[in-house]
Structures are given as C-alpha cells and as structure tokens.
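Notes for the one structure printed next.
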Protein chains: 4
Amino acid sequence: MSSVLSGTKIAVLGGDERELILISELVKMGATVVVAGFPKAKVAHGAFAVSSAEEACKEAEVLILPLPGTSQEGIIRAVYTEEEIRLSEKAITSLAPNAVVIIGSARQYLKDWAQKYAFELLEIVEMDEIAILNSIPTAEGAIQIAMEETAITIHGSKSCVIGFGRVAVTLARLLKAMGSDVTVVARNQGQLARAHEMGCKKADFPELLEIIKHNNIVFNTVPSMVLGRNILRYANPDTLIIDLATQPGGTDFEAANEFGLKAILAPGLPGKVAPVYAGRILADVIPRLIINEMTRMKKNILFA
Amino acid sequence: MSSVLSGTKIAVLGGDERELILISELVKMGATVVVAGFPKAKVAHGAFAVSSAEEACKEAEVLILPLPGTSQEGIIRAVYTEEEIRLSEKAITSLAPNAVVIIGSARQYLKDWAQKYAFELLEIVEMDEIAILNSIPTAEGAIQIAMEETAITIHGSKSCVIGFGRVAVTLARLLKAMGSDVTVVARNQGQLARAHEMGCKKADFPELLEIIKHNNIVFNTVPSMVLGRNILRYANPDTLIIDLATQPGGTDFEAANEFGLKAILAPGLPGKVAPVYAGRILADVIPRLIINEMTRMKKNILFA
Amino acid sequence: MSSVLSGTKIAVLGGDERELILISELVKMGATVVVAGFPKAKVAHGAFAVSSAEEACKEAEVLILPLPGTSQEGIIRAVYTEEEIRLSEKAITSLAPNAVVIIGSARQYLKDWAQKYAFELLEIVEMDEIAILNSIPTAEGAIQIAMEETAITIHGSKSCVIGFGRVAVTLARLLKAMGSDVTVVARNQGQLARAHEMGCKKADFPELLEIIKHNNIVFNTVPSMVLGRNILRYANPDTLIIDLATQPGGTDFEAANEFGLKAILAPGLPGKVAPVYAGRILADVIPRLIINEMTRMKKNILFA
Amino acid sequence: MSSVLSGTKIAVLGGDERELILISELVKMGATVVVAGFPKAKVAHGAFAVSSAEEACKEAEVLILPLPGTSQEGIIRAVYTEEEIRLSEKAITSLAPNAVVIIGSARQYLKDWAQKYAFELLEIVEMDEIAILNSIPTAEGAIQIAMEETAITIHGSKSCVIGFGRVAVTLARLLKAMGSDVTVVARNQGQLARAHEMGCKKADFPELLEIIKHNNIVFNTVPSMVLGRNILRYANPDTLIIDLATQPGGTDFEAANEFGLKAILAPGLPGKVAPVYAGRILADVIPRLIINEMTRMKKNILFA
C-alpha cells in the first residue's frame, strides 16, 4: 500500500464494475474512500459504504461520479443498488472547500453549481488520454458486434468508417489489421492523409452514396445525421450498420428499418464489453488527475 | 452462366448454409445438380431436390457429402430437414462408374467401399487449401468467443497458442495484429522460428506450466492431451481456455472445471460463425477439384 | 488533358525532380506554366522555360516556390541550373494583382512583402495533409539509413522515437510493423495513449536516460535539444542516432561524437529517398490548393 | 561462463564476422576452440588461432565450416586472412573419431569423405530453423535494395513475390506491413491460400505476364528461370527486379539488360546487411545442434 493519497477524503457515487476497480486502487494509494451506491460486500476492503450521496460527500475533497454522468434531475447510474442515488445541491454543499468533482461529462446544472460553490469540475470523457484508451474496448466491442451479426469474416470484408476522430482511428487500424478492406470517410484532408498512411482508402462525404452500395459493414462515429434516408436508400441490402456516435447516433434508424437494413446503435461499449479493462483505465488515470490537481492547488495557495 | 460443368451430374447430400452456396455455384457452372436433405424452396433455382440419398446418387458422376462427414452408421448431417439422410451401400452402387466422392473426412466403411466399388474418394478437410482458408473463420470465431467470455480486451492481453499448424498460424497472426502479447508453444524448431519472425514469443512444452500462470487466454490446437490436470493446476484462475482441436480436444475439461477454470471446446467454427464465407470457400475450391479430377480421368482413359 | 486550370498563369521558380512532376501535372490541367531554373529539355512539353525569376513572374496569378523555400537573400534552390535564381522584389511586384504565392515555409521578408503588395502567401510545409503524406518517405528514408548504418535487423531491434507528431506517428507504426520493439517518448498523455494503442511502449522524457542505455536505434523528431550531453553520456555505445528534426536537430552532435556515438542529421528525406513519390504529393495537393484559393477569391469579389 | 561444452574440442575454419560471434559463444560455453583463418586479435579471448586447417582439425570432435561452404577444390571463404585456407583430406582424417562436421551445404567430395571416414555431416543451410531465421535479414536486405534503387516509397508500391517458400513468406509479410500492395505468384494452392490469409493477392505463373506490366518491384525466390525473356518483354520499364534465389537466380539478366530493366542478383544477404544478427543465429543454433548430436551419440554408444 502506497500513501500518495494518504489523508485525502474521496467520495465515489454510483457506477459499475469499473468504479469498483477504481475504488480498490484509491484505497491502495492510501485515500479515505467513502462510497454510495455499492453494497458493502462488493467494495474493496478499507473503503466505507454509506447509503446516501449526502453522507458520502460530507467533507470530501474529491467527488467521483460515473463516466455516463447524471440525468437532468441528478440521478446517478448505480448498477449495484436498487435505491436511487441522487446528486443533490445539499450533497455538493457538504463537500470540503475547493473540492474537485470528476465526472464523464457534466450537465448545465452541475456547471452552474461549480461556479456558485467554487469547486473544480473536471469532465474527463473528452480528455484525449481517456478517450483514446477507451477507444480500444470501443473498437473491439464494435468488431464483436460485427462478428456476431454477420455471416462473413472481417478478413476480406469491405468496411467503411465514417469520421476519423479518436475512436475511428483505433477502429480503422483494427479492421485493417484483421484483413478488412477499409474506406475512411471524412472531410478533413489531414485526417484523410493519415488514413491513407495507415493503409486505408479515403473518401469524402459525397462519395458515401457510392461506397454504401458495395460495403459489408459501415461504422459511424460522427454525432450528426450522416447516414440519412437519402444515403441509406442506396445501401447494399446485406450491409450492417454499427453506430458508435453518442446517442442518438448519426443514423436514420427508422429509414434503415424501412429499407430492411440491420442498424445497431452501440454507445458505451467499454463498460459493457471490457469492464475490467475500462476500470483499469480509470484506476490508472484518475489518481494521477487528483494528484496533479492537488499539487496545483497547493501551489496556488503557496503563491497566493 | 458458364458451362464448364455442363452435362456433369452432381449429387449433394445434406449439409447446411454452406452447401446451399456451393449448390448455387455448381448450377451456375452448368452442372446438373440433384440434392437430398434440402427443401425445394431453399435450393438454388435450377437444382433438383429429391427425397432420398439413393435417388440423388443415381448415375451421379460426383457425390458431395458435407465437411463433417457421416456417422459410423452413414447418417449425414442435414440441418434443413427432419428426415434422416443416410448414405447406404445401395446409394453408392447407383453412382456412375468411376464416380468422384467428395467428403470432409471419411470413416473406414467409406474407404472400404471406395476400394470395393472403385470410386475416387477425396477427403478435403485436410487439404492445405481448404484447411488454410477455413483457418480464417476459425481464428475469428475463436477471437469472438474470447471477446464474449472475458472482461478484458484482446489488445494488451497475454495469450498463448499451443501448436503451430494451419489454424494456429492464422490465429497467432490475428491475435498479434490485435495487440495481444502472444506466446507460441510448439516442439518443432522451424515452427518456433516462424513464430518468432511473426513477432510472437516462443516456448517449448515444458515451459507451458510457467506460461499458464500468467496468461489471460490459452488457445489449444493440438489434438492430444496437452492441457492435462498437472498443467491446469497452475493456471491463473482468470484464464480462459479455448480448445480448437478436433473433438475431444486436448484439454482435461473435468480438471479445468474442478479448478474453476472456464474451458470451452469449440470445434467446427467456420460453419457456425461465418457460414457464408465458409460456403464461398467450398464454392471456390470444389468445382476446381471436380474439373481437375475429370481432366485427370479423361487423360487416363486416353492413355489407357 | 483537363481544363480546370485553363487560362491560369502559373510561375514555378527552381526546385528539383519534384517540381518537374508538379509542372507536368499543372500543364495537364490546362495551366499556362512558365518556369525558371530548369533547362528546356527537362520540363514537360507545353511549359515555357525562361531564364530569370522576373520574366517568369510577369503577370503570373500563382507563384510556386520550392518546399525548402529561399535563403535570407532570396536565393532559391534550383538543382538543374548553375545560374542563381533569386526572388527579387521586382519579380514579386510583377505578379498579377491578388496573386497566390505557394512556398514550403516563408522567411520574414516574404511575409512583409505579402502585406506590402497584398498577395496571398500559402506556407504548405506545415499543412497537415502535406506533412502527413511527406511523413511516409521520411519514415522510410529513416529506416533505410538505419538499415545501412547498423549490422542488426530492424526486426528484433529496440528502437525509440522521441516526439509523437506527424512524422513520429508514421515512423513508430513502420518500426512496429517491421518487428521492432518501439518506445515512444513524449510529454503529452494523449499522444502516449495513442502510442500505447499502436502497440508501442510509452515513456516520459525523464525516462530517456534509462531507455538510451538499452536501445539500438534512437530517432529524434523534436526540434529542440532533447539529446543533450547529459543524456548521450549514458547511451549504449552501439546506439545509432537518427535526427529527423528541422536543422540543427535536437542532438548535441559534438557530444555524440565525443562519446563515440554515430549520430546522423537527416533533414529533407522525401526529396532525397523518394523524389517521384514526393513530387506526386505536390502534384496531388497544390492544384487542389490553387483551385480552392481561386474559388474563394472569386466568391470574395462576387460578394464584395 | 557455462560449461555445457566443457572439454569439447571444436575447430572453426574460416568465415566472417558471423563466425567471430559464434566462436565467442562457443568459448563462453566452455568449449576448447581452435580456429584457422582469423588473426589472433579478432578472435574471442580464450580461443586458439592457428595457421592451417590441419592444425585446427587435429583431434577436434566438431568441425565448423562457413555457411557458403567450400569451393570444389576445398577452398574456404575466410575474409580476415590473405592466406588460403583449404579443407584437405589430411585435415579431415586428423579429426577425432565420430566427429561432427557442420557446414552450410556440402559438395559431393565432402559427402564422399563423410562415408569413407565415418564422420557425421550436418548441412544446415536448408534446416528450417536456420533458413527461417535467416529469412529475416534476407527480407530486410531486399527491402533496403528496393529503397536504394527506386524513387518511390514501398508504401503504396505494387510489388510481386515469386515463389512462397521460407524467404518469400517473410518478405511478403514485411512488404505488406510496410504498405505495399503485394501479389504472390506460386503454383501450390495451399501456399496461395496462406498468401491470401496474409492479405496478399494471389496469382498463378501464367498470370505473371500480366502482373509484370503494372508492378514496381518484382522479387524472385524461385531458383529456376521464371523471369525469362518472354516475360520480361512485357515488364513496366520502371520495374526493379531483385532476385534472391541461389546463384544464378531465376532471371534472364541478359534479356533484362536488353530491355533496359534494372535487375539485381542478391544472394547471401544476411551476412552482408546484418552480420551481427546473422552471427547471433549461428551462436544460437549451432551449440544446440552440437549438444543434441553428442547426446545422441552417447546414447548410441551406451546402447551399442
């Protein structure tokens, strides 16, 4: 057991298997961890399980909320409990002064509270490091769906990846490595140059109409309507569409259904297909974030 | 429609989606195809569906049996029919003289009949071409099982491939391409040199005991007891074992169960995970075999 | 012959084999191309070879200067002529109004002139598309040097890539694909996450001291002194250093020499190792740039 | 220093940098090593340098000759000496009884002597392990030549590998990994299936005529005239031919020259491009061979 976080009080509210792995790591690093939304038996020895958000948050210097965040009403996803875990204003105000709140992505109300109550709000889902590490289970999960839903092999298939951000780069590489003939569709010429360097074919959006006629599997990563009715109309009837963009995805699912195309919206894959891996990412990155944040604050105090 | 097989009568007895694809190809090449074990509606337009093996075989110059072959009693696997399709001696004797019989692998009784009734028996499951092409869906199917049965990603996993024959080479390459840290266990130094060239670690069987302590996924391809009780005893408790060797595999499943290890025997993957792909292999290879065989026989007759 | 650039007068001043390929493409697209710094015999049929920069620039709507740019005094690298080709203020002022000047990267005097004489200055060497496409011959050229200068194979070597920008990403992938054990050294956590996803090891700069003790080949892409005396002191004596950063590189070459280390500064590889490929990049990208630029200007005029 | 070979007298006659590495390894393993064809200063401390083959062979239990073997007259390639090292019958007869003689490949006279004087003759160049490990520097050396001799990049090139034996498999993988579009030309359907699995295109020899029209680089590994005048006549004039087959290769070099094609015969690459690597292979494999051989002989004596 190390002691880097010794004496730091950390609250963890809700989550799934991933947070269990994170909690265990935080305990190992010497933190005082108080959790709500987990039965005592599940939680690492050394952490304290309490029954409400308010209780957990009391004087916590760090508050960790799950990657999927909260509902508009503050309800927190907590798979191990039947009870509702809710992030109330009262819970927030009971945090220690200058607390750090870590969450996947925050709704507006939480951002407002951060201003009002002067706590540090860290949204981590869009951090490059988290997003790129999570792209690995996302890509593998997408491949798994493709394997389960088609009667062909990835090897020798014609696939298409729409968009070329963090998930798409990983997915394109994996498809290519498995022997698929991959076309990357993107607008940015630099991204297309990279796709070319990686051995993929490249195309601009207007070409999508032609590409979709001859493809076996189409993966979308763009969170706006790129696979609309006017495109899907031309799709090879055996095409499988896997949409990885944030809900509601970038596919007209109604049209797809009408044209008899199989289209699957698959958000949140890391937590589903590889929870242990995804948990290890949190356990790797979050303690580092906390330490950096606290070092920074100490400096600020010192030089104030 | 081509006419390479024009005038050739071919009987197809039983099978699954793969044979449907093969039948369709044979019809396209001009053959007269008579099938048993398939409902009329499933079979490609132009093929004739009859109800018994005897009827189908009558004067057929080529008889095609499914890859899994027959039971000891001659029962043929035919997934589209409730009725029993049986390869009787009578069916065999009604074939045309010098007929060619194509099967995955033949039981002794069929080999005896080949002698007695002077037909050409081609066992294709062990042909390099078929075996290597089938290794692709086998490897992908094995990966799919690994993905479904573990909470980690293939990327970053420690995997081990036992044996280095046709399936193992493909599987090792795929695992490596997906970012797994692969150790190949084999006896043959040439095979181990090839594994090294492919970027895998290499080990001899005595080292298996040590390897299994630290591995996430173990794939066996050797059809003899290589993962016995004395080895499994040392396995990392989270290890997943996927046995791809011909039934009954090379794992002591009872011992695995006793030690709480998840061990899966997964034979016949191509037909299960990628029937269309596997059907295309048959449609690609079998007509070529038939043509070669008939050319050879004509030459023999010519020079007789 | 197409006519997309029909009627457009383009001047090309100096350069090497790459510009010859570009000139040929511009002529094919219908442009009126006037060049200085090339003998008539070398230049594509249809282009006009003149003897001075002034003459070439006269009323040109587009002026293309070589990727390496000009000296402080305006001297242009022109490998096919003995005569000095110089970009004078007079040449610039003889361009057509609103001309577009394309250059690798511009010195201050040229930027000042762009202001003064109101021409559009496009510096392309840092454009993502050019930089990424050029990273391919750069990476291959670096590998070629490594092959020529070591007595080991890339396969099985321990290599290290410092920095993880456009060239480094391509180089790391290539080394990895060839079977090297690659460590990426960078500061940015997102870049390190990507390196990990690509199968590389990752390290921060303070670890460089340790890494260099056990490495065979070190590739630097960072244009600041990262391989200083205090690091080189610890290098494995057989280490080969290949510095790809812009002159003067990021290596203390004097110290390297003192410690008996082989260190090579290798700028401008694309034009050296794969001029035809590098020329095709220019021929692919520059006409597109010109068309975009002219469309944009027409719109501006229209809406002015 | 280990002692596995303690007390074993080993003679090494001639060779190059590779043998120096082997000698050093044999000394480390405790053998008594006597060498001819090397100056004292070059040889590992602990080995004995003598001046004639006869002297070195005296009572040696093992005799190691270089991979390229001897001339018809017994002359041994020895790069470090001006003097002629010759394997005489007298040298052979002065070996210990039941000696083991290790050589790349043996000429007929040596095979006859093996019979006559009852020594064990091991020809190692064709051993799978040696041949596959040596295929790595061979493939890299071939790539290096391609890089040096063309103005294009391997990435994006169209290449062709003729034959699909041990060297060709390695070379095809490397080309593919570097982003070339690779076609494998072979007769054997199993080999072509493997090429397909590895992501290469496949073709039969009659298609070579068509392929050569559009290829940038052709690598031959077949030791018979496969690139004859009638094929070369159709080659793309920019094609580079690299012939890796044993001398005299499989290319009609005269015809190539006549048609203005660049064609390079490149035998023995491992010793040239990566002597240290190639030496390590010998240092890894040969001691193992010796130990196996001696264990086998002891058993024979025991059970005689």
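Just so you know, all these numbers are worked out from the coordinates, no wet-lab data involved. What you are looking at is a predicted structure, and each value in this text was computed from that prediction instead of being measured. Backbone-built Cβ (ideal geometry, glycine too); neighbour counts: all protein chains shown.
Residue by residue through B:268-275, how many Cβ atoms from other chains fall within 10 Å of the Cβ on average? Please list the in-between numbers first.
Working: counts 0, 0, 1, 0, 1, 6, 9, 2.
Whole-number average of other-chain Cβ neighbours for B:268-275 is 2.
For chain C, calculate the relative contact order in percent as a whole number, restricting contacts to Cα pairs under 8 Å that are 6 or more residues apart.
Values: 625 pairs, mean separation 43.4, N = 304.
Rounded, it is 14 percent for chain C.
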Worksheet item: Cα centroids of region A:71-88 and region C:89-130: how far apart, whole angstrom?
Response: 59 Å
Discussion item. Please compute, for the alpha-carbon atoms of region A:194-304, the extent along each of the three principal axes and give them in descending order in Å.
Written reply: 64, 30, 27
Worksheet item: From the label point of A:PRO97, set 7 Å along Cα to the beta carbon, how far off in nm is each other copy's matching point, shortest first?
Response: 6.6, 9.8, 10.7
Worksheet item: Which distances, shortest first and in nm, link A:THR295 to the matching position in the other copies, using label points set 7 Å out along Cα to C-beta?
Response: 4.8, 5.3, 7.2
Worksheet item: Near the amide H of D:LYS262, under 5 Å away, which other amide H atoms are found, from residues 5 or more places off or on another chain, if H is placed in the peptide plane?
Response: D:ILE241
Worksheet entry | Overall dimensions of the protein assembly as shown as given by Cα atoms, namely Rg and Dmax in Å | 34.5, 105
Worksheet entry | Hydrodynamic radius by Kirkwood, which averages 1/r over all alpha carbon pairs of region D:129-271, in angstrom | 14.7 Å
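With the contact rule set at Cα under 8 Å and sequence spacing of 6 or more, what percent relative contact order holds for region B:17-140?
Numbers: 194 pairs, mean separation 25.0, N = 124.
Relative contact order here is 20 percent.
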Worksheet, complete the sentence: Computed over all unlike Cα pairs, the Kirkwood hydrodynamic radius of region C:43-84 in Å stands at 11.9 Å
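Pairs to check: A:LYS201/D:LYS201; A:LYS262/D:LYS158; C:LYS272/D:LYS176; A:LYS213/D:LYS201. Give those whose C-alpha atoms are more than 25 Å from each other in this structure.
Details: A:LYS201/D:LYS201 17 Å; A:LYS262/D:LYS158 37 Å; C:LYS272/D:LYS176 23 Å; A:LYS213/D:LYS201 23 Å.
Over 25 Å Cα-Cα: A:LYS262/D:LYS158.
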Fill in: For region D:261-304 and region A:249-283, distance of Cα centres in Å
53 Å
Worksheet item: How much mean residue ellipticity at 222 nm does chain B get from its helices, if each DSSP H run of length 4 or more adds -39500 (n - 2.57) and you divide by all residues, to the nearest 500 deg cm²/dmol?
Response: -12000 deg cm²/dmol
Worksheet item: Each residue of region C:236-246 in turn: what ³J(HN,Hα) in whole Hz from Karplus with 6.51, -1.76, 1.60 and θ = phi - 60°, glycine and Pro shown as x?
Response: 3, x, 8, 4, 9, 10, 10, 9, 9, 6, 3
Practice prompt. Could you tell me which residue in chain D puts its beta carbon nearest the axis mapping D onto B, with the distance rounded to whole Å?
Written response: D:ARG173, 4
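What is the diffusion coefficient of chain A in µm²/s, taking the Kirkwood radius over Cα pairs and the Stokes-Einstein relation at 20 °C with a viscosity of 1.002 mPa s?
Numbers: Rh = 20.9 Å.
Reported coefficient: 102 µm²/s.
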Practice prompt. Using all C-alpha to C-alpha distances in region A:179-226, build P(r) with 10 Å bins and read off the rounded percent in each one.
Written response: 25, 60, 16
Response to the item:
Taking a straight Cα-to-Cα line shorter than 18 Å from C:LYS9, and setting aside same-chain aspartates and glutamates fewer than 8 residues away, one finds C:GLU19, C:GLU25, C:GLU54, C:GLU55, C:GLU59, C:GLU61, C:GLU120, C:GLU293
Item to complete: Using θ = phi - 60° and the Karplus relation 6.51 cos²θ - 1.76 cosθ + 1.60, list the HN-Hα couplings for region C:123-136 in order, rounded to whole Hz, with x at every Gly or Pro.
Response: 9, 9, 5, 9, 5, 3, 4, 4, 5, 6, 5, 5, 5, 5
Practice prompt. State, to one decimal in nm and shortest first, how far the label point of B:VAL125 sits from each corresponding label point in the other identical copies (label point: 7 angstrom along Cα-to-Cβ).
Written response: 4.2, 4.9, 6.4
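For region B:186-304, what does the relative contact order come out to in percent, with C-alpha contacts under 8 Å and a separation of six or more? The partial results should precede the final answer.
Working: 138 pairs, mean separation 21.0, N = 119.
So the answer I get is 18 percent.
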Worksheet, complete the sentence: For region A:86-95, in residue order, the Karplus 3J(HN,Hα) values (coefficients 6.51, -1.76, 1.60; θ = phi - 60°; whole Hz; Gly and Pro = x) are 10, 8, 8, 4, 4, 4, 4, 6, 8, 5
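GluC sites (Glu not before Pro) within region C:6-98: which are DSSP loop residues with at most 15 other Cβ atoms inside 10 Å? Mind dumping the intermediate values first?
Working: sites: C:GLU17, C:GLU19, C:GLU25, C:GLU54, C:GLU55, C:GLU59, C:GLU61, C:GLU73, C:GLU82, C:GLU83, C:GLU84, C:GLU89; in loops: C:GLU59, C:GLU61, C:GLU73, C:GLU82, C:GLU83, C:GLU84.
Answer in residue order: C:GLU59, C:GLU73, C:GLU82, C:GLU83, C:GLU84.
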Worksheet item: Quick one, what does Rg over Rh come out to for region C:213-267 if you take C-alpha atoms and the Kirkwood Rh?
Response: 0.91
Worksheet, complete the sentence: Going from the fewest other Cβ atoms within 10 Å to the most, one would list D:THR81, A:THR221 as D:THR81, A:THR221
Worksheet item: Setting aside same-chain residues fewer than 8 positions from A:LYS202, which aspartates and glutamates have a Cα under 18 Å from its Cα?
Response: A:ASP181, A:GLU210, C:ASP128, C:GLU129, C:ASP284, D:ASP181
Practice prompt. Please list the non-local residues whose amide H lies under 5 Å from the amide H of D:VAL101, H modeled 1.01 Å from N, same-chain partners needing a gap of 5 or more.
Written response: D:LEU63, D:GLU120, D:LEU121, D:LEU122
